[in-house]
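As structure tokens, the structure follows; a few thoughts come after it.
FYI, it's all coordinate maths here, none of it is from the lab. Keep in mind it's a predicted model, so treat the numbers as computed, not measured. Glycine also receives a Cβ, built like all others from the backbone with ideal geometry; neighbour counts cover every protein chain displayed.
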Amino acid sequence: MIKNIPLILASNSAARKTMLANAGLKFKAIAANIDEAEIKDRLISQNIEDAEIALRLAEEKAKKISNEYSDYYIIGSDQILVFNDQIYDKAKNIDEAKARLLEFQGQSHSLISAICVYKSGKCLWTYHDRASLHMHALTPAQIEDYINAAGDIVTSCVGCYALEGVSIQLFSKIEGDYFTILGMPLLALLNFLHDIDGGNT
């Protein structure tokens, strides 16, 4: 078991905290509070590829916390959604969520989750993974029913869904790692932490 590593998750994401806690890791969670929109817009304007954008965002989070907590290993993670070569942010309101789901229905989009580990202001490790999700063809009435059932998820998650609940009914096919879809490639992280913890079991 991984037990000798002082960890901080550079996020207050409920999904990421749950993943780490369920995996048995002991950690603190501290939000990095970076300007994600500004960083993302700048990188997009520089024609940086989507996976690299996710990695840069993860690194910015970890680097900021690492500068303040040099004795800890800092986990930074970020996720972006790509549809028709466009990167999407969280829907600002219900109307925007409805419009987005109408765009996505009957088609596939990608989720890219990136992760890194920093210590003492230095990046020790990075990783990213991509998953593809194909949504059922949905009518406006079906989307309305879904939004009523899903609640706050539609504006708190980038794709207007969270697979842990009713949102799973939106999809006809999913390709990729489940943890990547939830927002953090957990197995890759655990493998890295296991190695630096000396392989303790």
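Listed values, structure above:
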item	result
Stokes-Einstein translational diffusion, segment 41-134 - Kirkwood Rh over all Cα pairs, 0.692 mPa s, 37 °C, in µm²/s	226 µm²/s
Pairwise Cα inverse-distance average, inverted: Kirkwood Rh of the chain (Å)	17.6 Å
Positive-end extreme of charge dipole, segment 7-196 - chosen from Leu57, Leu7, Asn93 (charges on Cβ)	Leu7
Cα pair distances in segment 1-52, grouped into 10 Å bins until the bin that holds the longest one, percent each	21, 34, 29, 15, 1
Interchain or long-range residues, amide H under 5 Å from Ala91's placed H	Cys160
Proxy reagent accessibility, fewest Cβ within 10 Å first, across Cys116, Cys123, Cys157	Cys123, Cys157, Cys116
At q = 0.11, 0.19 Å⁻¹, base-10 log of I(q)/I(0) for segment 1-88 (Debye sum, equal scatterers on each alpha carbon)	-0.35, -0.87
Over 22 Å between alpha carbons, listed pairs Lys40/Lys63; Lys17/Lys64; Lys28/Lys92; Lys17/Lys63; Lys40/Lys61; Lys40/Lys90	Lys28/Lys92
Max mean-square fluctuation residue, GNM over the chain, Cα-Cα springs under 10 Å, options Arg42, Arg16, Arg130	Arg42
Helix-only mean residue ellipticity at 222 nm for the chain, each DSSP H run of n ≥ 4 adding -39500 (n - 2.57), per residue, nearest 500	-11500 deg cm²/dmol
Least to most buried among Asp35, Asp129 (fewest other Cβ within 10 Å first)	Asp35, Asp129
